[in-house]
Amino acid sequence: MHRISALFAVLVVATPPIGAQTKILVAKSRVPVSVAGDYPGGIAFPTACDEQGRLYVKLIKAGPGMVGPLFRLSSKGVVEAEFDTSGALINRYAVRPNGGVIMMHTDGHTKFVDNFAPDGTRDSSVALEPPPTPFFPSQLAVFRSGEILISGVQYHPGYKAATAIYEPTGRLVKQLVLDGDVEIEHAIDAGDAEDTRAQQQNTSAIDTSVAISGDDGLVYLMRATSPVAVYAISAAGDVVRKIVVRPPAATGSPDFGIRVVKNRLTVQFRRSCDSTADFDSCQSSTYAVVDATTGQKLAAYEADKETAGTMACYAPDPDRFFIFSDRPSLDVVEAEPKPFNH
């Protein structure tokens, strides 16, 4: 078993079933996104948000692949900057503390981090030192101190998960393996090769994970397992905490949404059911809000039909959610809990 920092702690969140303790999110305001052009492919996942409340979304153009620009928007949906994603290795990016972003590209066997200035212009590219275990990047996040977390998988030979920390110069700080990743690898190795659904669930737990920068200086890496595991990682590569979060509803899977603001961790889940009578009622989102330092459950929410969509930003005190809704057009919806009737 891979050894981790002595600071490591596991925080299990026992979220009660949906019911009286779950509040419904309703729309407080709805504003259109002022993006010119046609993007029939919709929103690429994940979206992002910075400490100033600005929103980041990549929109997909027509044609093969996930091609399209990345936009930074105000909370009112106004375009503030556009980032050129052409040539990017993966459909992922990370937001820097100053409002710029990073992406990745490859030149043969060498991988590069591309730095973009806050105004959207391409700034510089940095070659990454190869890690001991090469892997394909799937998640990116930037620490407030400038270090970069990159996580992903090695597909051949065998399926191995890996996470690495890099200095802004591209020098490798540390490569680490998370305890949950080891368990997933063992499940894949021991699994029935003919049970493709089980194999896909195990591999997608890492492939569809999300990494984001917390406002506390840590990076939070979410593994899309059941229940969800969120690792709080320092710039030195130490796992400070592991938080296990269950969906507010009896069923649900993580939906690329995770934010950490003022020691509050919010995870978005996709709530679904087997009913064919009312499909729309089955496709909604729930949100679990927990204390990022203790794992204590703080709140649970479910979006109504008007606020269903992809979480763009979360703000506490009081809880508010900014959501990208693409029905029928792309809007930013500010949602808040519906008051209980007395």
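The values are calculated or read from the model by the stated rules, or taken from the named source; none is laboratory data. Since the structure is predicted, the reported quantities are computational estimates derived from the model, not experimental observations. Cβ coordinates were reconstructed from backbone atoms using ideal geometry, including for glycine residues, and neighbour counts include every protein chain displayed. Calculation scope for accessible area: heavy atoms of the full protein, side chains included, ligands and nucleic acids excluded. Shrake-Rupley method; radii C 1.70, N 1.55, O 1.52, S 1.80 Å.
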Subset tally (residues that are open to solvent by 20 Å² or more (accessible area, probe 1.4 Å) and of a type in the set (A, V, I, L, M, F, W, C)) for region 316-342: 3
Within region 74-86, tally of residues that are outside any strand (DSSP E or B) and more than 12 Å from R122 (Cα to Cα): 5
Top-ranked residue of region 106-117 - restricted to ones that are at pLDDT 95 or above and not charged (D, E, K, R), ranked as farthest from A164 (Cα to Cα): A117
Residues located in region 24-72, provided they are hydroxyl-bearing (S, T, Y) and in a strand (DSSP E or B): S29, T47, Y56
Residue count for region 281-323, restricted to those that are more than 29 Å from K242 (Cβ to Cβ) and among the hydrophobic types (A, V, I, L, M, F, W, C): 2
Among (1) under 21 Å from the mean Cα position of the chain (by Cα); (2) in a loop (DSSP other than H, G, I, E, B); (3) over 25 Å from V33 (Cβ atoms) - the single one P97 does not satisfy: (3)
Extreme residue, nearest to D207 (Cα to Cα), among residues of region 45-96 that are aliphatic (A, V, I, L, M) and modelled with pLDDT under 90: I90
Top-ranked residue of region 134-179 - restricted to ones that are open to solvent by less than 10 Å² (accessible area, probe 1.4 Å), touching a residue at least 60 places away in the same chain (Cβ under 8 Å) and not aliphatic (A, V, I, L, M), ranked as nearest to S213 (Cα to Cα): F143
G191 vs. criteria crowded, with 16+ Cβ neighbours inside 10 Å and either out of contact with any Gly (no Cβ under 8 Å at 6 or more places or on another chain) or at pLDDT 90 or above (or both): no
Pairs where the first residue, in region 256-272, is more than 18 Å from A335 (Cα to Cα) and the second is open to solvent by 10 Å² or more (accessible area, probe 1.4 Å) and among the aromatic types (F, W, Y), C-beta under 6 Å, 6+ apart: F256/F45
Any chance A44 is closer than 16 Å to S329 by Cα, out of contact with any Cys (no Cβ under 7 Å at 6 or more places or on another chain), of a type in the set (A, V, I, L, M) and open to solvent by 50 Å² or more (accessible area, probe 1.4 Å): no
Any hit, region 320-338, residues being in a loop (DSSP other than H, G, I, E, B), among the acidic types (D, E), closer than 17 Å to T47 by Cβ and touching a residue at least 40 places away in the same chain (Cβ under 8 Å): yes
Out of D114, D123, sole residue that is within 26 Å of G217 (Cβ to Cβ) and without any contact (Cβ under 8 Å) to a residue 24 or more places away in the chain: D123
Output for region 195-215, where each listed residue is open to solvent by 30 Å² or more (accessible area, probe 1.4 Å) and modelled with pLDDT of 95 or more: S213
Region 246-268, subset charged (D, E, K, R) and in contact with a strand residue (DSSP E or B) (Cβ under 7 Å, 6 or more places away or on another chain), residue most open to solvent (accessible area, probe 1.4 Å): R246
Qualifying residue in region 181-188 (condition: crowded, with 16+ Cβ neighbours inside 10 Å and either assigned to a loop (DSSP other than H, G, I, E, B) or at pLDDT 80 or above (or both)): yes
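The rows are residues; the columns are (1) within 23 Å of G257 (Cα to Cα); (2) among the basic types (K, R); (3) loosely packed, with under 14 Cβ neighbours inside 10 Å.
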| site | (1), (2), (3) |
| --- | --- |
| R30 | yes, yes, no |
| G37 | no, no, yes |
| D50 | yes, no, no |
| P69 | yes, no, no |
| G87 | no, no, yes |
| T106 | no, no, no |
| S125 | no, no, no |
